[in-house]
Amino acid sequence: MRIVLLGAPGAGKGTQCKKIAEKYGLAHLSSGDILRQERAAGSELGKKAQSYMDSGALVPDELIVEMMSAAIKGLSNGGFVLDGFPRTVNQAEHLDKALSKDGRTIDGVVNLKVSDNVIIKRITGRRSCGKCGAVYHIENMKPKTAGICDKCGGKLVQRTDDTEKVVKNRLENYYLQTAPVVDYYRKNNTVYDINADKSPDEVIAGIFKTLDGLCGLKMKNAG
Ligand code: AP5
């Protein structure tokens, strides 16, 4: 199964993609996580991406398309869930073209819908494990011990682009450049809208119900 998860910054893409990948045995490809790994490694790509990410702007398409094409190619024919990519119509067109070269398509698009006031609270309260990347929230998803990751004991840190000022830029760029991607997919794919203002458990229940239906449909069409 090949899934795209869309949603504004802080909609819960990373949180829910981890659960989707686990349940359906998919690879989880997060463009933001890959970029942060490149930055931490001090690579050329990481250096080029840094100023865009810190200001809340999108990294140029040519860099992202090359990076994500390599990541997807590395999966051979396995299923995946994409988190944070595509983020412009140009990126979505490149993705469709790259997949169609070996007869593949996107099976479903899940669109997490969330209100702006919820987004600011979620992002400014987010803390991530510096070691394993697990995501927490200072109010909504607290670790057992403040500042320490439940899973690996790593130190929880705040992302440099998670300040209120940068979040407002990220949100503005989302409406300008990424919201049109939802319309792009509505033309040729089925887009499943999920109300992501609810609790994480309610949101994932809605996603699983949708994807279970999609799996059933795929099996019926294949058989
Ligand atoms: P990226 O890392 O992709 O950031 P984003 O899209 O802004 O999304 P976030 O990671 O902030 O949020 P999320 O939706 O994953 O939410 P999360 O699950 O963590 O991108 C960062 C930057 O990289 C971009 O600004 C850009 O510069 C660059 N970039 C990346 N991809 C690019 C591309 N394709 N093209 C160009 N540039 C690109 O949840 C947020 C918080 O809320 C957490 O604390 C979580 O615990 C909590 N939470 C989650 N769900 C719930 C819930 N239901 N109820 C209560 N709390 C919740």
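Within the same chain, aspartates and glutamates fewer than 8 places from Lys198 are excluded, and of the rest, none has a Cα less than 13 Å from its Cα.
By the gyration tensor of its Cα atoms, with a ≥ b ≥ c the square roots of the eigenvalues, what is the shape of the stretch 37-131: rounded for a/c under 1.5, prolate for a/b over b/c, or oblate? Oblate shape, in that a/c is at least 1.5 and b/c is the bigger or equal ratio.
When DSSP assigns beta bridges and you keep just the ones with both residues in the chain, what percent turn out antiparallel, to the nearest 5?
Counting DSSP beta bridges with both partners in the chain, the antiparallel share is about 30 percent.
Note on Ile148: accessible area is roughly 70 Å² with a 1.4 Å probe, heavy atoms of protein only. Just so you know, the averaged projected area of the alpha carbon convex hull for the stretch 98-223 sits at 10.4 nm².
Eigen-decomposition of the gyration tensor built on the alpha-carbon atoms of the chain gives equivalent ellipsoid semi-axes of 26, 21, 18 angstrom, largest listed first.
Here the calculated FRET efficiency for Lys187 and Asp102, from their Cβ-Cβ distance with R0 = 25 Å, stands at 0.65, rounded to the nearest 0.05.
The values are calculated or read from the model by the stated rules, or taken from the named source; none is laboratory data. Keep in mind the model is a prediction, meaning the values are calculated, not measured. We place every Cβ from the backbone using ideal geometry, glycine too, and count neighbours over all the protein chains shown. Remember, those area values only see protein heavy atoms, side chains included, never the ligands or the DNA or RNA. Shrake-Rupley method; radii C 1.70, N 1.55, O 1.52, S 1.80 Å.
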